[in-house]
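**Q** Handing you this structure, nothing more for now.
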Amino acid sequence: MTQSPLLKPNLIARLQPDSWLANVCRSIKCERTLLLGVPYIGRFAPSPSGQLHQGSLIAALASYLHARWHGGTWLVRMEDVDTTRCKREYGDHQIQTLRQLGFIFDEPVWQSTRDVIYQAEFDRLKRLGAIYPCTCTRRDIGDGIYQGTCRNGHAVNKPIRSWRFRVGDDVINWQDENGTQRQEQLMQSVGDFVVKRVIDEQHHEWTYQFAVVVDDALQQISHIVRGADLIDSTARQIALQRALGYPTLVYSHFPLLTNEQGEKLSKSGQAPTLDMLKGLEALQHAWVFLGGLPIQANYLEAFWAAVGVKQKT
Ligand SMILES: [Zn+2]
């Protein structure tokens, strides 16, 4: 691993002391020791359901800085399993935007091309008895926690609508990189959750939870850096990792971009897309949002140098 070009004390001086980024920066030393030979591989995994917006740029920058400050590799993965919402052209546009802004990464992986891989891991879960077919409709289940109706066998006269992961009654403990301890008993919080949706005899869809766990493991991701809206997914992902014999990863969740009402800014909401903001301005905004002090930079290279990222590989 190579050290970032800016020394840590110089970087710390550019950060608000109590910010998420300052905590990341301070943790770099022990993190490197902790890794002990496991290469750092991070990722940014947007859904191509629209153009890149300010919220996703913040997620990209957070995971990019985290990876580059640790001397690690940063991957981009297009999470396009939801084929009704996601479009290739949006993904291409997002990739192009990231490259124009100066992010450096290899050719991204597209989840929509990985059906064979997911099927193989699904079959493994099946052989392990960790999943079961469910015939319940959305109306059968309602809004609450799935009650395990099909856990011990499903109605034979109804079509299979999904495959569910059998959660245990154990409590899953995990720690965020910022030190926060979390615990969750999946049986109480979500119940047996869906890994595969069956649309008809020819069509199926992998769920976010399942695809992300398989990809993180097969891409040898070591660190997950993402928004706090995904904290609630972590216990489910750890449960799947354990069932599949994958390692558990380092998790770091940064605070979310919200509007004045405290609502998350998303693609469907009023989040400005990056076309509405100038690239450098958008990056500066993301940097300040994550806890950086404002930087005087008139061009992209100057911005990246100021935030401790060497642009030439
Ligand atoms: Zn069911």
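**Q** Which distance in nm do the two modelled labels at Glu301 and Asn152 give, with both placed 7 Å along the Cα-to-Cβ direction?
**A** 7.0
**Q** Next up: Divide by every residue of the chain the summed helix terms, -39500 (n - 2.57) for each DSSP H run of at least 4, and state the resulting mean residue ellipticity at 222 nm, rounded to the nearest 500 deg cm²/dmol.
**A** When only DSSP H runs of four or more count, the value is -11000 deg cm²/dmol.
**Q** While we're on this one: For Phe193, enumerate residues with amide H under 5 Å from its amide H, sequence gap 5+ or separate chain, H modeled in the peptide plane.
**A** Close amide H contacts, sequence-distant or interchain: Phe165, Val167.
**Q** Another question about this same structure. To the nearest 10 degrees, how steeply does helix 115-127 sit against the main Cα axis of the chain, on a 0 to 90 scale?
**A** Approximately 50 degrees, to the nearest 10.
**Q** Below 10 angstrom from the Cβ of Tyr246, what's the summed charge of the other residues (Lys, Arg +1; Asp, Glu -1)?
**A** Values: positive: Arg242; negative: Glu121, Asp216.
Taking every other residue near Tyr246 into account, the sum is -1.
**Q** Please list, in order along the stretch 220-233, the HN-Hα scalar couplings obtained from phi with the Karplus expression 6.51 cos²θ - 1.76 cosθ + 1.60 (θ = phi - 60°), rounded to whole Hz, x for Gly and Pro.
**A** Each residue's phi maps through the Karplus curve to give 6, 5, 9, 10, 10, 10, 7, x, 5, 5, 9, 4, 5, 8 Hz.
**Q** Using the Cα atoms as the points, what is the convex hull volume per residue of the stretch 144-219 in Å³?
**A** Numbers: hull volume 9.8 nm³, N = 76.
It comes to 129 Å³ per residue, whole-number rounded.
**Q** If r is the Cβ-Cβ distance from Asp123 to Asp229 and R0 is 41 Å, what FRET efficiency results, to the nearest 0.05? Numbers along the way, then the final one.
**A** Values: r = 31 Å, r/R0 = 0.76.
Computed FRET efficiency for Asp123 and Asp229 comes out at 0.85.
**Q** For every other residue with a beta carbon closer than 15 angstrom to the beta carbon of Asp200, add +1 if it is Lys or Arg and -1 if Asp or Glu, then tell me the sum.
**A** Numbers: positive: Lys158, Arg161, Lys196, Arg197; negative: Glu201, Glu205.
Result for the neighbourhood of Asp200: +2.
**Q** Moving to a separate point now. Could you work out the local net charge near Met78, counting Lys and Arg as +1, Asp and Glu as -1, over the other residues with Cβ closer than 12 Å to its Cβ? Let's see the in-between values first.
**A** Working: positive: Arg43, Arg77, Lys87, Arg88, Arg114; negative: Glu79, Asp80, Asp82, Glu89, Asp92, Glu107, Asp215.
That works out to -2.
**Q** Still on this structure: Within the stretch 8-30, find all residues whose amide N lies under 12 Å from a label point positioned 7 Å from the Cα of Thr180 along Cα-to-beta-carbon.
**A** The answer is 20.
**Q** Would you mind getting me the FRET efficiency between Arg139 and Asp170? Use the beta-carbon distance for r and R0 = 41 Å, nearest 0.05.
**A** On the way: r = 31 Å, r/R0 = 0.75.
My answer for the efficiency is 0.85.
**Q** Using label points projected 7 Å from each Cα along Cα→Cβ, tell me how many nm separate Arg85 and His203, to one decimal.
**A** According to this spin-label approximation, the distance is 1.7 nm.
**Q** Here is a follow-up. Could you list which residues have their amide H under 5 Å from that of Ile172, counting only those 5 or more apart in sequence or on another chain, with H placed in the peptide plane?
**A** Result for Ile172 returns Glu184, Gln185, Leu186.
**Q** Here's a follow-up. Hey, what angle do you get for helix 88-100 against the long axis of the chain, alpha-carbon based, 0 to 90 degrees rounded to 10?
**A** 20
**Q** Which ³J(HN,Hα) values in Hz, rounded to whole numbers, follow from the phi angles of the stretch 168-182 under the Karplus curve 6.51 cos²θ - 1.76 cosθ + 1.60, where θ = phi - 60° and Gly and Pro get x?
**A** Coupling constants for the stretch 168-182: x, 9, 6, 9, 8, 9, 8, 10, 6, 4, 6, x, 5, 8, 10 Hz.
**Q** Work out the length of the dipole vector of the chain about its Cα centre, built from +1 on the beta-carbon of each Lys and Arg and -1 on the beta-carbon of each Asp and Glu, and round it to the nearest 20 debye. All intermediate terms of the calculation are to be shown ahead of the outcome.
**A** Values: 34 positive and 32 negative charges, 94 e Å.
Approximately 460 debye in magnitude.
**Q** Say the dipole of the chain comes from +1 at the beta carbon of Lys and Arg and -1 at that of Asp and Glu; which of Gln51, Leu61, Pro39 then lies farthest toward its positive end?
**A** My answer, from the dipole projection, is Pro39.
**Q** Continuing with this model, one more query. Which value, to two decimals, describes the C-alpha radius of gyration of the chain once divided by 2.2 N^0.38 Å?
**A** Details: Rg = 20.5 Å, N = 313, 2.2 N^0.38 = 19.5 Å.
Relative to the 2.2 N^0.38 Å estimate, the chain comes out at 1.05.
**Q** Mind checking the stretch 170-240 for GluC sites (Glu not before Pro) that DSSP puts in a loop (not H, G, I, E or B) and that have at most 13 other Cβ atoms within 10 Å? Present the calculation step by step, with values, prior to reporting the outcome.
**A** On the way: sites: Glu177, Glu184, Glu201, Glu205; in loops: Glu177, Glu201.
Passing sites in the stretch 170-240 are Glu201.
All of the numbers you see were taken from the coordinates with simple rules; none came from a lab. It should be emphasised that the depicted structure is a prediction, and the values quoted were computed from it without experimental measurement. Positions of Cβ are backbone-derived with ideal geometry, glycine not excepted, and every protein chain shown enters the neighbour counts.
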